[in-house]
Each structure stands twice: as C-alpha cells, then as structure tokens.
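The values are calculated or read from the model by the stated rules, or taken from the named source; none is laboratory data. Predicted model only: the values in this text are computed from it and were never measured. Cβ sites come from the backbone with ideal geometry, for glycine too, and all protein chains shown count toward neighbours.
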Amino acid sequence: MENYFSKEIETMPAEQIRALQNEKFLKQMQHVWNDCPDYRKKMEEAGVSINDIKSIDDICKLPFITKDDLRDAYPYAMLAKPLSECVRIHSTSGTTGKRVIAYYTQHDIDLWDECCARALVAAGASKDDVVQVAYGFGLFTGGAGLNGGSHKLGSLTLPMSSGNTDRQLQFMIDLGATVLCCTPSYAAYLAESIKERGVRDQLKLKAGIFGAEAWSEEMRRDIEAGLGIKAYDIYGLTEISGPGVSYECSEQTGMHINEDHFYAEIIDPDTGEVLPEGEQGELVFTSLDKEAFPVIRYRTKDICVLTRKECSCGRTFIKMVKPRGRSDDMLIIKGVNVFPSQIEAVLLEQGYQANYQLIVDRVNNSDTLDVNVEMTPEKFTDNLGEIADMEKKLVGALKAMLGIFAKVHLVAPKSITRSEGKAVRVIDKRKI
C-alpha cells in the first residue's frame, strides 16, 4: 500500500490537475506582469501582452527564460516581491560569471518543504524515520530542501551537510538513520567507506534519496547493493525552487512532477517548438505559485521525456524520465554528441565502479578523449599485460557505445579524487 503526503492532490484526476494549473497560471501571469518589470519587458519585446494570455494553452506564446537571462538580472531584476517579504536566498554553484540568486518568501519555503515531504513519503519515509541529510547546506539548495521536507514530515532530522565521513558514519550508526539524502557520488563513497570499516551490519538504512547530479541505473544498483537500501531519484534546480520539483515513487520508472506547483513542457532544443508527450527534448518549467522568484518557461537544458502512463503507485502526476544528458553538458567530440552518462553506463556494465574522469583535449586540430578509470580492488593488478588487456576491452566497449575512439587509462583504486558534493567528471582542455 503506497502512502502519500498529500493524497488528494497527488492522486487528482488529470483534468482536475489541468484546471488547477490553469487557475494558478493565470494568477501567476498577472503577478509577473504587474510585479516583475524585467519579465514584462521580455514579453513586450516578444510582442505579447497580458491580454493575450487567456489560459495555460497560451503559454507557448511566452518567451523562454535562460540561465543567462537570470545571470544578467543579478541581483534584483527578476525579483517580484519586496525584499521585506523575502526570508531567504539560495544560489547556483556556477563557475563562471555572476551567480543566479533565487529569492523565497515564507510561502515559497512552505511550498518547497511540502514538495520534499512528498518525495520522502514516496520513498517510504514517515515521522517514525531518522533522516540523515548529507547534501551540502548553505547557498546550495540540496541540504535546505530535504531538511525542510523532513521537518514537514515530522521525522527526526540529522542536518549533517556533506563531508566528514567519519562523523557521518558515527551518527548513521549511533542514531539509527533509516533514510539517507545526498548526491549519488557521495552515497557511493559512503558505501565504499562502510565496506572498508566492516560496519554494514550496524546500519539501519532502508532508503536513500539521491539527486543533484546525473547517475545511471547501473550506479543505482551498485549503491543499493552497497548500502542495502532502495535508492530513489529526486530532481530540482535552484532556479525553480530546489530538490522536490519531481520525485521517484516505488515503481522507479521516472519522477512524478509536482504539477500543482510546476508546469512542464518538452521542446525541441534547436527550434523551441513544443513537442508532444512521449517525445524526447529539452525540459522547460514554469513555477505556478512561487511569489518572490516566479520563473516562467525556464529552459533547464535537461534532455528527457514526459509520460502520463498510469503508475502502479496511484499518483497521477505526469512523470519525467531520468534526464538522458544535458544539452549544455553534452560534449561534442570529433563531431559526435557524447554524454558522460553513456561512458558511466559502459564502465558499470564492464564491472567497474563509477569512479572515472574524462579529459578532452585538442591535438593538431583533432579532438582527443582520455578516460581515466579506477580499477576495483578485485580487478587491481600490477601485471602490465593484464592491465593492457583490460584497457583494450574497455576501448572496444566505449567505441561501440560512442562511435569514436577513447584512450583508456586504468589507474589504482582510490587514485581519483573523491567528491563530497557534485562529482567533477569532465576536464575539457580545448580552447573552444
């Protein structure tokens, strides 16, 4: 029997969801038109007036918002409420240029907490659980989001933040944590550390909620085996609110979007044309009832598919499949589109762990791809002939997947720097 945090809404018939979205969208557009001059200007430049927006069906008339738009709006241009009504900010972790700052009223925080509480319940959590939040706290949304959701649910919450693995494991064991929330790469690192210390039998973990970076189904199985849990995906982004925009249920075939708060579209990333349900394209989100930072038609750059196929959990919210890469993170190597997730899938299928690094360079006007891969303790050897054979096998598997040659370097276990936050998988040395 599946539990729900907000059963009436999470199981609402599709036509009622659409009616609710329509009502909220029209109210939100009036708010944006009246209170966000920067976006009103974008609408006017696109030749659109508030009088042209009669229903949510008219959303396709509105201009898109990109991360560059939000950076250019730094710090206050997209703010739609007085600062006196805002209680918090969060910010993206962008490495270049100005950061995107997202503002929250107390209403926005309450909305976000509920979304994350829904995700926790979908993963089997209740007020009787102990939730260990090992996402980073601070400007990053991960820690604050799951911390707020756990509070909303009424669970005992361990606000650990990321890092300090010895303390993580001590509290996990001593306080009997049952639900772990962190990035998948850190979950994999914790699983390694638990195996090394021989303390697996002291854990009470039953579920994990992992997000903030791409991870494959193979990596999910490895984490589940290593921690003895069921691993659930969660999706979100600072520009829209943070984790909890969508969440996985027990079926684990995609993430239910909280459609009472967020409206999703799939577009052709090249033309901007809205694509029908079931087609792959770029995910676009509109926040339906955020007050301080009401982003309209935000281009996420995530490539995925939306589906309303009936779910065994009973939830009626539309599902987004696990993103299949990002249009901005996609590497173009020798004219071929390459996603790091493709390489990870090959490594895991070949019996390696998801500890790898891609180094892209350009030599004599030709792209090169080097893949550094950690050997597992079971595969580790100092026999150069055996290493060469294993590298050759991986080269062949990668060529079959990608269609291009990648030079593989097998390295000793634990020689690639571990991440306690988002893993750094790609180093692109090309001057392009």
Could you please give the count of residues in the stretch 274-285 that are surrounded by fewer than 17 Cβ atoms within 10 Å (Cβ to Cβ) and in contact with a Lys or Arg (Cβ under 8 Å, 6 or more places away or on another chain)?
-> 2
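The rows are residues; the columns are (1) touching a residue at least 40 places away in the same chain (Cβ under 8 Å); (2) acidic (Asp, Glu).
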residue	(1), (2)
Leu153	yes, no
Pro159	no, no
Cys181	yes, no
Ile194	no, no
Phe210	no, no
Asp233	yes, yes
Gly236	yes, no
Determine whether the stretch 286-304 contains at least one residue that is modelled with pLDDT of 95 or more, surrounded by fewer than 22 Cβ atoms within 10 Å (Cβ to Cβ), touching a Gly at 6+ places or on another chain (Cβ under 9 Å) and of a type outside the set (Lys, Arg).
-> no
Out of all the residues in the stretch 171-217, which are within 17 Å of the chain's Cα centre (by Cα) and not in a loop (DSSP other than H, G, I, E, B)?
-> Leu180, Cys181, Cys182, Pro184, Ser185, Tyr186, Ala187, Ala188, Gly208, Ile209, Phe210, Glu217
For Val48, indicate whether it is without any contact (Cβ under 8 Å) to a residue 40 or more places away in the chain and in contact with a strand residue (DSSP E or B) (Cβ under 8 Å, 6 or more places away or on another chain).
-> no
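Listed here are the residues, each with its yes/no results for (1) surrounded by fewer than 13 Cβ atoms within 10 Å (Cβ to Cβ); (2) acidic (Asp, Glu); (3) modelled with pLDDT of 90 or more.
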{"site": "Ser366", "(1), (2), (3)": "yes, no, no"}
{"site": "Phe380", "(1), (2), (3)": "no, no, yes"}
{"site": "Gly385", "(1), (2), (3)": "yes, no, yes"}
{"site": "Asp389", "(1), (2), (3)": "yes, yes, yes"}
{"site": "Leu398", "(1), (2), (3)": "no, no, yes"}
With (1) crowded, with 21+ Cβ neighbours inside 10 Å; (2) more than 30 Å from Glu291 (Cα to Cα) as the list, and Val199 as the residue in question, which single condition is left unmet?
-> (1)
Out of the stretch 214-229, which residues are surrounded by fewer than 17 Cβ atoms within 10 Å (Cβ to Cβ) and not hydrophobic (A, V, I, L, M, F, W, C)?
-> Glu217, Arg221, Glu224, Gly228
